[in-house]
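The values are calculated or read from the model by the stated rules, or taken from the named source; none is laboratory data. Quantities reported herein were computed from a predicted structural model and do not represent experimental measurements. Note that each Cβ is placed from the backbone with ideal geometry, even for glycine, and that neighbours are counted across all protein chains shown. In case anyone asks, the SASA skips ligands and DNA or RNA and just uses the protein heavy atoms, side chains included. Shrake-Rupley method; radii C 1.70, N 1.55, O 1.52, S 1.80 Å.
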Amino acid sequence: MEWTMITAHAGAENTPANALEGIRALCAVGADAIEMDVRDIGGQLVLSHDARAEAAGLTTLADALREVAKHDGLKVNLDLKHFGLTRAVAGQAQAFGLLDRTILTGDVSDEEIAFACAAGIEVWCNDSLLPAGADPLDGPADKGLEVANLDRATAARCLARGPRRLSVWTVDDPAELAMFLRAGVRNVTTREPALALRMRAALRPSDGEAVAAFHRDWDKFPGPARLVGGDHIVRAANGAARRAGFVEGATCAAVPTANRHRGCLLAQAVGADARARFDISGGMARGWLPVAGRNDLTVHFSLRMPPEDAR
């Protein structure tokens, strides 16, 4: 499975959208890219999602790119809010050495696409640029572009046809994040980049064999079962666990349970001295089973016990 790029949406992690302080905070989150909304207001390139009469008080694109340039490898997704910005934006990206780390989305005309590609700037095609009725995947290819930048509902319908051709926005729900990450889409733009990064890490290739074995042995188990690391992050979940709210990449504690996770024995089921642990209380049987050959993983299951008079 190929690695999915994580882009922090403007204003992600409850930061002020398109403000310099928010950009600084998002640069430090660890995402692969951060998104900014770009407009020309009064002849100045500034960051703003909505149209404004004047640029006073807005962050300039130059100041924002200066922050990005401080972080090696960090990319920037410039969502252009109207046509005619590409040449000026490219000039500023070049000034900060960011041409090869800049991705354009939004309003980019065919002429601007040609200019950007010639300048070494990547362009992802929003379906708003396509003729009415055009196929959301084939349409970008007709423009010479590889990646379609689609809303999550449209992307879900295209997922089976070519996940590596999809950049998906804006995905905040853990279950949806898990779906797109498992599929290996090119990019996910999210307001929850820290969560998305944890979820992506939970799908690391080194866990592939353990995840496959878990699904083989536990998918038909009637109660919730999940493959959990010593860091309490879920690596895999069976159907019952997913219905209860557990998804790959989230911590177990993120899902409320009847006993609020009291008496968790995970710490005793991982590590050098790991061994199986069990607890029967409150009408529930719970178990933590070490994974053979992996002292950092355990299978945690739970099953409601029948009433005394039914035994």
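Of everything in the range 290-302, what is assigned to a strand (DSSP E or B), of a type in the set (A, V, I, L, M, F, W, C) and either open to solvent by 80 Å² or more (accessible area, probe 1.4 Å) or touching a Lys or Arg at 6+ places or on another chain (Cβ under 8 Å) (or both)? Give them in sequence order.
297, 299, 301
Taking the options 271, 245, name whichever one is part of a loop (DSSP other than H, G, I, E, B), of a type outside the set (A, V, I, L, M, F, W, C) and closer than 17 Å to residue 178 by Cα.
Answer to the selection: 245.
So if I check each of 226, 235, 243, which one is open to solvent by 60 Å² or more (accessible area, probe 1.4 Å), out of contact with any Ser or Thr (no Cβ under 8 Å at 6 or more places or on another chain) and farther than 27 Å from residue 161 by Cβ?
After ruling out the rest, the residue left standing is 243.
Six or more apart or on different chains, Cβ atoms under 6 Å: show the pairs whose first residue is in the range 274-289 and under 12 Å from residue 264 (Cα atoms) and basic (Lys, Arg) and whose second is outside any strand (DSSP E or B) and open to solvent by less than 30 Å² (accessible area, probe 1.4 Å).
Every condition considered, the pairs that remain are 277/269.
Quick check on the range 199-208. Is at least one of its residues touching a Gly at 6+ places or on another chain (Cβ under 7 Å), crowded, with 20+ Cβ neighbours inside 10 Å and either free of Cβ contacts under 8 Å to residues at least 12 places away in the same chain or in a strand (DSSP E or B) (or both)?
Scanning the range 199-208 turns up no residue that is touching a Gly at 6+ places or on another chain (Cβ under 7 Å), crowded, with 20+ Cβ neighbours inside 10 Å and either free of Cβ contacts under 8 Å to residues at least 12 places away in the same chain or in a strand (DSSP E or B) (or both).
If you go through the range 82-96, how many residues are open to solvent by 50 Å² or more (accessible area, probe 1.4 Å) and either within 20 Å of residue 9 (Cβ to Cβ) or without any contact (Cβ under 8 Å) to a residue 40 or more places away in the chain (or both)?
Count: 6.
Please find, among 275, 262, the residue that is open to solvent by 50 Å² or more (accessible area, probe 1.4 Å), under 24 Å from residue 174 (Cα atoms) and out of contact with any Lys or Arg (no Cβ under 9 Å at 6 or more places or on another chain).
Checking each option against the conditions leaves just 262.
Here is a list of conditions, (1) open to solvent by 20 Å² or more (accessible area, probe 1.4 Å); (2) modelled with pLDDT under 95, and residue 169 meets all of them except one; can you say which number that is?
(2)
Does the range 246-256 hold any residues that are among the β-branched types (Val, Ile, Thr) and either open to solvent by 80 Å² or more (accessible area, probe 1.4 Å) or touching a residue at least 12 places away in the same chain (Cβ under 8 Å) (or both), and which are they?
247, 251
Inside the range 278-289, can you point out the residues that are open to solvent by less than 80 Å² (accessible area, probe 1.4 Å) and at negative phi?
279, 281, 284, 285, 286, 287, 288, 289
Just a yes or no: is a residue in the range 177-198 farther than 24 Å from residue 272 by Cα, open to solvent by 10 Å² or more (accessible area, probe 1.4 Å) and free of Cβ contacts under 8 Å to residues at least 12 places away in the same chain?
Checking the range 177-198: not a single residue is farther than 24 Å from residue 272 by Cα, open to solvent by 10 Å² or more (accessible area, probe 1.4 Å) and free of Cβ contacts under 8 Å to residues at least 12 places away in the same chain.
From the set of residues in the range 137-153 that are touching a Lys or Arg at 6+ places or on another chain (Cβ under 8 Å) and of a type outside the set (Gly, Ala, Ser), which is surrounded by the fewest Cβ atoms within 10 Å (Cβ to Cβ)?
Selected residue: 146.
What is the number of the single condition among (1) surrounded by 15 or more Cβ atoms within 10 Å (Cβ to Cβ); (2) at pLDDT 95 or above that residue 62 does not meet?
Failed condition: (1).
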